[in-house]
Amino acid sequence: MAVSCDIRGTTRLVGVIGDPVAHSRSPAMHNAAFRALGLDWCYVPLHVTGRNLEAALRGLVALEFVGANVTIPHKEQAAALCDSLTPAAESVGAVNTLTVQGGCLAGDNTDVGGLLLALAEARVELEGREALVLGAGGSARAAAYALAQSGARVTVANRTLARAEALVQALQGRVRGRLTAIPLADRAALEASLQQATLLVNTTSVGMEPRPDESPLPDDLPLPPGLTVLDLVYAPRQTRLLREAAARGCRTIEGLRVLVYQGALSFECWTGRAAPVEVMMHAAEA
Ligand SMILES: NC(=O)c1ccc[n+]([C@@H]2O[C@H](COP(=O)([O-])OP(=O)(O)OC[C@H]3O[C@@H](n4cnc5c(N)ncnc54)[C@H](OP(=O)(O)O)[C@@H]3O)[C@@H](O)[C@H]2O)c1
C-alpha cells in the first residue's frame with residue numbers, strides 16, 4: 001500500500017537501508033504508525049549497495065536522520081561500522097537498527113527482541129526448554145541468541161553443517177543456554193531433537209514465495225502435538241510448515257508477528273513513544 005507523507009522542514013527522517021529495498025514493508029508500517037500518533041516523521045526506503053554502505057551510514061549522521069533500519073545484505077557490515085553496539089547486536093554480530101546519537105551511530109538488533117515479544121505474546125516458555133532452530137543464516141543467529149540467552153537449550157540444524165557449527169561456536173559462552181549443531185539432512189538427529197523440543201523456529205528461506213509449497217522438514221517427519229512452531233518466513237503468511245504443524249495440533253506463530261515487533265522496537269528506540277503495534281500489523285498485512 002502506498003503511504004504519502006506531508007513532508008515539511010520540521011519533518012524528522014528515518015529509513016531503511018538495503019539492497020534490494022523496494023519490497024520492504026517497513027515504510028508502510030512506520031509511516032502508518034507516525035500518522036496514527038500524529039508525529040511529524042517520515043520513513044523512506046534507501047537503496048544502498050555494499051560499496052556505498054559506509055558513505056551512506058555517515059550520510060545519515062550528516063543529514064541529521066534520527067536513525068535507520070538496516071536489512072539484507074548489510075546487517076553484518078553495518079555492525080562493523082557502528083560507533084557503539086548493544087550487547088545483543090555485538091553477540092549476534094549484526095544490526096538492524098541504527099540511531100544517530102551526538103554525531104555517532106549506535107547499533108542495536110531488534111530482531112532479537114522482536115522474536116522474544118512474539119513468543120511472549122504466545123506464552124511460550126523458554127527457560128530450561130529445548131528449541132530447534134532450522135537454518136544458520138543471519139536470522140538464525142538472532143533467533144539462536146534470543147532463545148539461548150533466555151535459558152533455552154538450542155539445536156541448530158542447517159543444510160551446510162559448517163555454518164551451523166560456526167554459529168554455535170560464535171555464540172557459545174556468550175549466552176546462558178547450551179547450543180548444538182546438527183546437519184538438516186540427518187533425519188535421526190532431527191527427529192530426536194524434535195521429540196525433546198517445545199519450540200521449532202524456521203529461519204531458512206524454504207517455503208517462501210515463489211515456492212510456497214516447500215517445507216524445510218522431510219515430508220514424513222512427525223511433529224509432536226505439544227510443539228509450538230514459529231516460521232520466520234512471512235510471504236506467504238501461512239507457510240506449508242505452519243499449515244502442517246496446525247494440522248498436527250501444534251501451536252503456530254506467523255513470521256509477520258516477529259517482523260512487526262522488531263519494527264515496533266525500532267520505532268520506540270527512535271521516538272521514545274509506545275508503538276501502535278496493531279496499526280503497524282495492519283499496514284504490514286496490506
Ligand atoms: N519475520 C521476520 O521478521 C524475518 C526477519 C529476518 C528474516 N526473515 C526471513 O527468514 C528467512 C531467512 O533469512 P536470512 O536473512 O536468515 O537468510 P540467509 O542469511 O540467506 O540464510 C538462509 C538460510 O536458509 C537456508 N536455506 C536456503 N535454501 C535452503 C534449502 N533449499 N534447503 C535448506 N536450507 C536452505 C540456508 O542454508 P545454507 O547455510 O546451507 O545455505 C541458510 O541457513 C527469509 O525468508 C527471510 O525473509 C524474517
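For the reader, a short list of remarks on this structure follows.
- Any chance Arg163 is open to solvent by 70 Å² or more (accessible area, probe 1.4 Å), within 11 Å of the ligand (Cβ to nearest atom), outside any loop (DSSP other than H, G, I, E, B) and among the basic types (Lys, Arg): yes
- Of the strands (runs of 3 or more DSSP E) lying entirely inside the stretch 1-73, those containing at least 2 residues that are surrounded by fewer than 21 Cβ atoms within 10 Å (Cβ to Cβ) span 12-18, 41-47.
- Any hit, the stretch 121-138, residues being open to solvent by 40 Å² or more (accessible area, probe 1.4 Å), over 24 Å from Ile253 (Cβ atoms) and at pLDDT 95 or above: no
- Residue in the stretch 78-85 that is touching a residue at least 40 places away in the same chain (Cβ under 8 Å) and in the same structural domain as Val48 (by TED's automatic domain parsing) present: yes
- Any hit, the stretch 99-106, residues being closer than 16 Å to Gly173 by Cα and surrounded by fewer than 20 Cβ atoms within 10 Å (Cβ to Cβ): no
- Contacts under 8 angstrom Cβ, first residue in the stretch 86-106 being assigned by TED's automatic domain parsing to the domain that holds Leu57, partner part of a strand (DSSP E or B) and among the charged types (D, E, K, R), 6 or more apart: Thr86/Asp108; Ala88/Asp108; Ala89/Asp108; Val95/Asp108; Asn96/Asp108; Thr97/Asp108; Leu98/Asp108; Thr99/Asp108
- Among all residues of the stretch 198-209, there is at least one that is away from the ligand (no atom under 14 Å from the Cβ) and either open to solvent by 10 Å² or more (accessible area, probe 1.4 Å) or of a type in the set (S, T, N, Q) (or both).
- Residue under evaluation Asp213, criteria (1) in contact with a His (Cβ under 9 Å, 6 or more places away or on another chain); (2) open to solvent by 30 Å² or more (accessible area, probe 1.4 Å), criterion not met: (1)
- Residue count, the stretch 56-100 (criterion: within 13 Å of the chain's Cα centre (by Cα) and on the phi > 0 side of the Ramachandran plot): 0
- Residue match in the stretch 199-214 (condition: acidic (Asp, Glu) and within 27 Å of Ala32 (Cβ to Cβ)): yes
- Single residue of the stretch 223-276 satisfying the filter (within 13 Å of the ligand (Cβ to nearest atom) and open to solvent by 60 Å² or more (accessible area, probe 1.4 Å)) that is nearest to Gly137 (Cα to Cα): Tyr234
The values are calculated or read from the model by the stated rules, or taken from the named source; none is laboratory data. Quantities reported herein were computed from a predicted structural model and do not represent experimental measurements. Here the Cβ is made from the backbone with ideal geometry for all residues, glycine too, and neighbour counts use every protein chain on show. Ligands, DNA and RNA are excluded from the accessible area calculation, which covers all protein heavy atoms including side chains. Shrake-Rupley method; radii C 1.70, N 1.55, O 1.52, S 1.80 Å.
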